[in-house]
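Take a look at the structure below.
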Amino acid sequence: MLSLKLIWCACLLSTMSAAEQYPVVIGSHKNIIDYSKHAGHVILKDGKKLTGVFKYAEMEFPDFTFKFYASDKSSLITRIKFRKIASITLAGADTSLIKSDSTSFFNLKNNNRLYRKLTTGDVEIFDNLFNVSKNSGCVSEEDLVIVHNGKMNSVHSRKELMQLLNSFGKVLTANSSDTVQAIIKEINLESLR
């Protein structure tokens with residue numbers, strides 16, 4: 001009986017050490033990920049376009065994937081790895097931030113991450129959260145990508161964002177510099193004028 005317990009412990013330890021080879025850090029972002037189905041379309045890096053219903057595939061690491069369905073009621077057709085996606089646009093949006101009825105994500109850095117487009121106009125701000133309409137007002141301030149005049153910059157805090165916007169000549173109202181969400185709202189309002 002003791003030898004059986006020792007064998008079981010050895011198997012458990014070997015499984016744990018094998019799992020350590022692929023660390024997964026989700027942190028607080030796990031609760032922000034929108035796991036519901038959304039109608040939309042994907043443009044793959046090879047130029048292929050898919051239209052249907054998409055769902056973020058939970059716990060499929062180390063690759064991140066979307067599940068693709070022909071319709072909301074149909075069975076799964078395939079999984080699409082993030083690294084193969086150029087862009088994806090899904091029905092639904094966090095209207096507290098985005099003045100649109102859809103949300104777009106782009107593979108900006110040609111890696112295994114998609115960035116959500118938060119602003120339009122001459123300054124485009126992206127974050128790395130997969131949030132369509134689930135959690136109103138959530139923005140990842142730790143990994144923002146800003147595109148201005150075709151040049152891409154990464155910032156990791158509200159302070160860095162403010163400094164970068166100032167270098168572009170963007171003058172924001174005093175109230176909008178309080179939070180990244182307020183900055184996003186002001187830039188979106190400005191683009192509508």
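Throughout, read-outs are computed from the coordinates displayed, never taken from laboratory work. For clarity, every value in this text was computed on a predicted model and none was experimentally measured. Positions of Cβ are generated from backbone atoms using ideal geometry, with glycine treated the same way; all protein chains shown enter the neighbour counts.
For the reader, a short list of remarks on this structure follows.
- With both labels modelled 7 Å from their Cα along Cα-to-Cβ, the Asn153 to Ile43 distance reads 2.6 nm.
- In straight-distance terms, cross-link reach from Lys109 covers every one of the lysines whose alpha-carbon lies under 23 Å from its own, apart from those fewer than eight places away in the same chain; here that gives Lys30, Lys45, Lys48, Lys49, Lys55, Lys67, Lys81, Lys84, Lys117, Lys151, Lys159.
- Surface/4 of the Cα convex hull for region 107-149, nm²: 3.4 nm²
- Put a dot 7 Å past the Cα of Lys81, heading toward its Cβ, do the same for Leu189, and the two dots end up 4.4 nm apart.
- Surface/4 estimate of mean projected area, convex hull on alpha-carbon atoms of region 39-193, nm²: 9.6 nm²
- J(HN,Hα) series, region 115-129, from Karplus relation 6.51 cos²θ - 1.76 cosθ + 1.60, nearest Hz, glycine and proline x: 10, 7, 7, 9, 10, 10, x, 6, 10, 10, 10, 10, 10, 9, 8
- Electrostatic bookkeeping for Ser75 treats Lys and Arg as +1 and Asp and Glu as -1; over the other residues with beta carbon under 15 Å from its beta carbon, the sum is +4.
- Per-residue HN-Hα couplings for region 32-48 [Karplus 6.51, -1.76, 1.60; θ = phi - 60°; Hz; x = Gly/Pro]: 8, 5, 8, 9, 7, 7, 9, 5, x, 9, 10, 10, 7, 4, 7, x, 5
- Over region 68-143, the alpha carbon radius of gyration divided by the compact-protein estimate 2.2 N^0.38 Å works out to 1.16.
- Packing order of peptides 119-131, 145-157, highest average first: 119-131, 145-157 (average count of other Cβ atoms within 10 Å over each peptide's residues).
- Each Lys or Arg adds one and each Asp or Glu subtracts one; over the other residues with Cβ under 15 Å from the Cβ of Leu90, this totals +3.
- Net +/- balance of residues flanking Asn166 in space, Cβ distance below 14 Å, scoring K and R +1, D and E -1: +1
- Among the trypsin sites (Lys or Arg not before Pro) found in region 70-129, those both in a DSSP coil and sparsely packed, with 10 or fewer other Cβ atoms within 10 Å of their Cβ, are Lys73.
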